Each structure stands twice: as structure tokens, then as C-alpha cells.
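To keep things clear, I will list the structure first and then write my remarks on it.
The values are calculated or read from the model by the stated rules, or taken from the named source; none is laboratory data. Every value quoted in this text rests on a predicted model; they were computed, and no experiment measured them. Backbone-built Cβ (ideal geometry, glycine too); neighbour counts: all protein chains shown.
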Amino acid sequence: MFQFKNMTNIPIYLLSWEFYLTNGMIILVAGISSGVISNLLKSYIKHSAKILEDRNEIMNIFGQYVSPEVMDKLIHQKNLDLTEKKQVSVMFLDIRNFTSFSESKDPVEVIDFLNELFEPMVEIINQYQGIINKFLGDGFIAIFGAPVELENSAWHAYKAAIEILQYLERLKSENTTSEKFKNIRIGIGIHTGVVVTGNVGSKTRKEYTVIGETVNLASRIEQINKKFQSQLILSKETYDEILKKEPNISYQEIKKVIVKGKTQPVIIYKII
């Protein structure tokens with residue numbers, strides 16, 4: 001059996017039972033603390049992974065056309081139902097005479113032109129809490145009021161349209177020697193009404209979309225700009241909603257027009 005040969009060389013506290021009890025308690029507390037910290041770290045990692053998963057899912061649905069503010073609302077709005085009826089404002093934007101412009105240009109040059117033109121527009125849409133629902137080659141559809149509800153979506157869409165037109169004027173004045181921006185004009189049509197929202201696609205790729213007569217009418221209103229040589233036309237429904245927030249909105253004239261798919265005239269306001 002092993003025996004200490006010289007007990008006098010051992011510190012007295014090592015022979016005390018209190019010493020071992022204290023060390024045992026320290027080890028026990030350290031073990032418990034380590035376990036608690038480990039569980040907290042695991043919980044934090046799982047939470048971070050869930051946020052990343054939610055963000056990736058939203059990005060998969062909405063592409064890169066959602067502002068960080070809307071993205072944050074989507075992540076934290078747990079009861080969000082993407083398939084439902086919503087009151088929204090739909091904006092259609094189209095670049096005039098783009099086909100003739102692109103015919104004489106290299107495809108890479110055309111894409112660079114569109115990116116340069118659209119980037120500030122997308123930022124303006126984001127600023128007014130809208131989303132780019134779809135790019136249409138020489139234009140896009142923007143939605144205000146879905147998937148996240150927006151108070152007075154018509155006003156937000158109208159203010160975004162005004163800023164886009166102001167941006168274009170600055171762009172043309174600052175690039176007086178550039179032919180590609182010199183004669184550029186756009187047409188914008190905005191209509192406010194009820195749509196059905198939802199995800200369309202497959203398990204691997206879905207697209208958030210809005211459907212309904214409101215979307216169709218917004219498209220028809222945008223096309224009327226060509227007839228009146230205008231750049232911004234609002235439906236009466238949109239105009240009436242804007243008045244609730246901005247009662248002094250000015251317009252050039254009011255028209256009653258027949259649009260495709262409608263038997264009764266539609267009242268529109270020509271703004272610019």
C-alpha cells in the first residue's frame with residue numbers, strides 16, 4: 001500500500017476536509033455554470049440560425065426587391081399570411097420608346113443602362129415602403145401595402161412616383177452631353193384597390209404575386225399616358241385616398257376614359 005514517507009512536508013490545508021469540500025463545490029458550480037452557458041450558446045445559435053433561415057426564405061420569395069425595413073417586418077411578423085385579400089396601391093412604370101433604343105445597342109450596354117436607371121428608382125420605392133414585385137424588361141410593377149400593410153398606400157405610391165420623375169429630370173439636366181438619357185421619358189400609372197396576394201411556384205422556387213382587377217386596371221392606366229403624352233396618371237380611387245393625407249394635390253385635368261376590359265368609363269387624373 002502507498003504511504004506518505006514524510007507527512008511533515010504536506011501543507012496542513014491539504015489534510016483538511018474543508019479544503020476538499022470547498023474545491024468540490026467550486027468544481028460543481030463551475031460545471032453547472034458551464035452547462036448553463038453552453039445551453040445559452042446553443043439557444044443563441046439556434047435563434048440566429050432561425051433568423052437566417054427566415055431571411056433566406058423571404059429573400060427566396062421576394063428576390064432582392066425588398067427594403068431592409070420591409071424585410072425586418074416580415075421576419076418579425078410571425079402571423080403574416082401571404083395569401084389573402086389586401087387593399088393596396090399598384091404602380092406600373094414603363095420606359096418610353098425603349099425598343100427602338102435597345103435595337104441599336106449592344107445587349108450588355110442595354111443591361112448596364114437599365115441597371116443605372118433603375119437603381120435609384122428602386123431605392124425610392126423602398127424609401128416609401130413599397131416593393132418591386134416584378135421587373136418587366138423596360139419597366140416594373142411596384143406594390144404598396146403588401147405583404148406588410150401600409151396606412152394610405154396611395155399617398156406612398158404617389159410620393160414615390162413624384163420623386164422618380166424628379167430624379168429623371170435631374171438625371172437629364174446633369175447628363176446634357178449623354179445621348180442615352182437626353183430624351184428619356186417614362187409613364188407611370190397608379191390604381192388603388194383590393195388584390196389577392198400569394199406565393200406562386202414550386203417548392204424550390206416561389207414568387208410573391210398580386211392578382212386581380214386592381215392590377216389589370218393599373219396596367220391599363222399606365223398605357224393611357226401614351227394617349228395624353230403624360231408621365232403620371234392616377235385613378236380616382238388613388239386620388240381620393242391621397243386627398244386624405246395631402247388635400248392640396250394638383251392635377252392638370254380629369255378624364256373619363258374607356259379601358260380594355262371595362263364597359264363603363266374610368267375616371268383618371270392626369271398629374272404630369
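So, in the range 209-230, exactly how many residues are part of a loop (DSSP other than H, G, I, E, B) and buried (at least 19 other Cβ atoms within 10 Å of the Cβ)? Can you show your working first?
So the first thing to find is which residues in the range 209-230 are part of a loop (DSSP other than H, G, I, E, B), and the list is 212, 229-230.
Now drop any that are not buried (at least 19 other Cβ atoms within 10 Å of the Cβ), which leaves 230.
Qualifying residue count for the region: 1.
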*asked:* Looking at the range 130-160 only, could you name the residues that are more than 16 Å from the chain's Cα centre (by Cα), under 18 Å from residue 237 (Cα atoms) and of a type in the set (Gly, Ala, Ser)?
replied: 154
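Restricting to the range 140-149, give me the number of residues that are in contact (Cβ under 8 Å) with a residue 60 or more places away in the chain and farther than 13 Å from residue 86 by Cβ.
Pass one, the range 140-149, residues in contact (Cβ under 8 Å) with a residue 60 or more places away in the chain: 141, 143, 146-149.
Imposing the further condition that a residue be farther than 13 Å from residue 86 by Cβ reduces the set to 141.
Residues meeting the conditions: 1.
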*Out of (1) under 28 Å from residue 170 (Cα atoms); (2) modelled with pLDDT of 95 or more, what's the single condition that is false for residue 241?*
(1)
*What residue, among those in the range 150-201 that are without any contact (Cβ under 8 Å) to a residue 40 or more places away in the chain and of a type in the set (Val, Ile, Thr), is surrounded by the most Cβ atoms within 10 Å (Cβ to Cβ)?*
200
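In the range 238-245, is there at least one residue being polar (S, T, N, Q), in contact with a helix residue (DSSP H, G or I) (Cβ under 6 Å, 6 or more places away or on another chain), crowded, with 19+ Cβ neighbours inside 10 Å and in contact (Cβ under 8 Å) with a residue 12 or more places away in the chain? Spell out how you get there, then give the answer.
Of the range 238-245, the ones polar (S, T, N, Q) are 238.
Cutting the leftovers down to in contact with a helix residue (DSSP H, G or I) (Cβ under 6 Å, 6 or more places away or on another chain) gives us 238.
Narrowing further to those that are crowded, with 19+ Cβ neighbours inside 10 Å: 238.
Still in the list and also in contact (Cβ under 8 Å) with a residue 12 or more places away in the chain: 238.
Yes - at least one qualifying residue is present in the range 238-245.
For the range 115-146, what are the residues that are assigned to a helix (DSSP H, G or I) and either of a type outside the set (S, T, N, Q) or not assigned by TED's automatic domain parsing to the domain that holds residue 168 (or both)? Spell out the reasoning first.
Quick first cut of the range 115-146, residues assigned to a helix (DSSP H, G or I) only: 115-127.
Across the range 115-146, the qualifying residues are 116, 117, 118, 119, 120, 121, 122, 123, 124, 125.
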*Residue check, residue 219 against (1) under 24 Å from the mean Cα position of the chain (by Cα); (2) modelled with pLDDT of 90 or more; (3) within 17 Å of residue 156 (Cβ to Cβ), all met but one. Which one?*
(3)
_With the requirement that a residue be hydrophobic (A, V, I, L, M, F, W, C), under 18 Å from residue 192 (Cβ atoms) and not in a strand (DSSP E or B), what does the range 240-271 give you?_
242, 243, 249, 259, 271
